[in-house]
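Peer 1: Dropping a structure here in structure tokens format, bear with me for questions.
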Amino acid sequence: MRALLLKLSESKRLAPLIMSNGVSRRVARRFVAGETLDDAIEAARVLNAAGRSASLDLLGENVSDEAGARDAADGYVAMFNRIARENLNANVSLKLTQLGLDLSESLCQELVERIVAHATDLGNFVRIDMEGSAYTQRTVELTKRVRAKYTGVGTVMQAYLYRAEKDVQDLLSVGCRMRLCKGAYQEPPEIAFPEKSDVDANYVKLMKLLLPSGIYHGIATHDPAMIQATKDFVREKNIGRDQFEFQMLYGIRTDLQQQLVREGYRLRIYIPFGTDWFPYFMRRLAERPANLAFFLRNLLPKSSGSGA
């Protein structure tokens, strides 16, 4: 089922059907803050009041022309301006394919540097998201090039990739901040661990490389076992709770979110928003059976009364 949902997330034919369905749109609002920057800012404000920081993400991938990439860059600059104006505890995550990586690496780097320079002027931080494995090497290299000019930029490591340990060590050597996650794309067994137990073991291994480094990293997981492994390790190594943060996705495992805040851990919530929410929504359904069950519970009653 996971493989099927991830495959469907790439479907250009299914996207308009799901996005125009009222039930789908309502369910998507559990995982997506809304379609406008105002929606994301309001979500960040609520989270800040609950003791959680935020990372705003303008949904969208694989732009088809330079104008689209430059429009996306303008959107990110506007996000930082709003965050600063409203004094929110929030940074921004972005995807390189939304900034023209498929079109031109030089164009993409130009736009990323513009965004990071603006964020730096405002005392903020840019997280470069990691996409599918076809982009991993280019993402690592572009992150390193931008970071050579601006320190306020970091990226993401996906524990299901065999190469992740080497990439972590490479990026640690240049002082780069990282978000550690398991990975949400469908990857072949030639490049990614196919078994959850192996992904979990690699996740813990990478966490133990990141946290003693003296660099501020994000441990992104909804898995109670990974959370507990992190708690145990930082206690064992006497790593302060102000030296790292847990990260979670908007609308997922709010019970664990509340628990971590009560226990005094730093927690950042990734807030996606925008009109291009279909691929993100499908990846969230694929990620956890509970998410798919939630969607079906809302969908089936609507369908059963249709007379079909």
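Taken together, the values in this text are just the output of simple stated rules run on the coordinates, not laboratory data. Note that the coordinates shown come from a computational prediction; the quantities given were computed from them, not determined experimentally. Here Cβ is always computed from backbone atoms with ideal geometry, including for glycine, and neighbour counts include all displayed protein chains.
Peer 1: Say the dipole of the stretch 33-276 comes from +1 at the beta carbon of Lys and Arg and -1 at that of Asp and Glu; which of Leu249, Ile239, Thr221 then lies farthest toward its positive end?
Peer 2: Among Leu249, Ile239, Thr221, the one farthest towards the positive end of the dipole of the stretch 33-276 is Ile239.
Peer 1: Right, something else. Based on C-alpha coordinates, I'd like the Rg and Dmax of the stretch 128-240, in Å.
Peer 2: Both quantities, over Cα of the stretch 128-240: 13.7, 39 Å.
Peer 1: Taking N as the number of residues in the stretch 22-159, what is its Cα Rg relative to 2.2 N^0.38 Å?
Peer 2: 1.05
Peer 1: Right, here's the next one. Based on the alpha-carbon gyration tensor of the stretch 125-194, what equivalent-ellipsoid semi-axes (square roots of 5 times the eigenvalues) come out, in whole Å, largest first?
Peer 2: 22, 11, 10
Peer 1: Also: Restricting to Cα atoms and excluding each atom paired with itself, what does the Kirkwood estimate give for the stretch 87-156 in Å?
Peer 2: 12.1
Peer 1: Suppose every K and R has +1 on its Cβ and every D and E has -1 on its Cβ; what is the size of the dipole of the stretch 165-253 about the Cα centre, in Debye to the nearest 20?
Peer 2: Roughly 380 debye for the stretch 165-253.
Peer 1: What base-10 log of the normalised intensity I(q)/I(0) is obtained for the stretch 203-248 from the Debye formula, alpha carbons as equal point scatterers, at q = 0.19, 0.21 Å⁻¹?
Peer 2: Each listed q corresponds, in turn, to -0.50, -0.62.
Peer 1: Going through the cross-link list Lys149/Lys231; Lys144/Lys208; Lys95/Lys237, which pairs have a Cα-Cα distance over 30 Å in this structure?
Peer 2: Lys149/Lys231; Lys95/Lys237
Peer 1: While we're here: Step through the residues of the stretch 177-193 one at a time and calculate ³J(HN,Hα) from phi using the Karplus curve (6.51 cos²θ - 1.76 cosθ + 1.60, θ = phi - 60°), rounding each to whole Hz and writing x for Gly and Pro.
Peer 2: Values, residue by residue: 6, 9, 9, 9, 9, 7, x, 10, 9, 7, 10, x, x, 5, 10, 9, 4 Hz.
Peer 1: Please get the size of the charge dipole for the stretch 33-276, origin at its Cα centre, with Cβ charges of +1 on Lys and Arg and -1 on Asp and Glu, quoted in debye to the nearest 20. Kindly include the intermediate steps, with their values, before the conclusion.
Peer 2: Working: 29 positive and 35 negative charges, 232 e Å.
Approximately 1120 debye in magnitude.
Peer 1: Using the number of other C-beta atoms within 10 angstrom as an exposure proxy, rank Ile41, Ile269 with the fewest first.
Peer 2: Result, fewest neighbours first: Ile41, Ile269.
Peer 1: Return the loop-located GluC sites (Glu not before Pro) in the stretch 77-124 (DSSP other than H, G, I, E, B) with at most 14 other Cβ atoms within 10 Å of their own Cβ; answer none if there are none. Before the final figure, lay out each step's value.
Peer 2: Numbers: sites: Glu86, Glu105, Glu110, Glu113; in loops: Glu86.
Filter output for the stretch 77-124: Glu86.
Peer 1: I'd like the Kirkwood hydrodynamic radius of the stretch 230-284, using the inverse of the mean 1/r over distinct C-alpha pairs, in Å.
Peer 2: Mean inverse Cα-Cα distance, inverted, gives 13.0 Å.
Peer 1: What whole-number value in cubic angstrom gives the convex hull volume per residue for the C-alpha atoms of the stretch 33-276?
Peer 2: Given the Cα convex hull of the stretch 33-276, per-residue volume reads 117 Å³.
Peer 1: Another question, if that's okay. Please compute the Cα-Cα pair-distance distribution of the stretch 45-120 with 10 Å bins starting at 0, giving whole percents from short to long.
Peer 2: Bin by bin from 0 Å, the calculated values are 20, 47, 24, 8, 0.
Peer 1: For Lys205, go through the aspartates and glutamates and keep the ones whose alpha-carbon is under 12 Å away, minus same-chain ones fewer than eight residues off.
Peer 2: By straight Cα distance, Lys205 reaches Glu165.
Peer 1: Place +1 on the Cβ of every Lys and Arg and -1 on the Cβ of every Asp and Glu in the stretch 33-276, take the dipole about the Cα centre, and give the residue among Ala54, Tyr160, Pro212 whose Cα lies farthest towards its positive end.
Peer 2: Farthest towards the positive pole: Pro212.
Peer 1: Got a sec? How would Tyr76, Tyr162 order by Cβ neighbour count within 10 Å, fewest to most? Walk me through the numbers on the way to the answer.
Peer 2: Values: Tyr76 25, Tyr162 14.
In order of increasing Cβ crowding within 10 Å: Tyr162, Tyr76.
Peer 1: Same structure, new question: So, by mean Cβ neighbours within 10 angstrom, what's the order for 226-235, 151-160 with the highest one leading?
Peer 2: 151-160, 226-235
Peer 1: Explain nothing, just the number: dipole magnitude of the stretch 70-124 about its Cα centre with +1 on each Lys and Arg Cβ and -1 on each Asp and Glu Cβ, in debye rounded to the nearest 20.
Peer 2: 200
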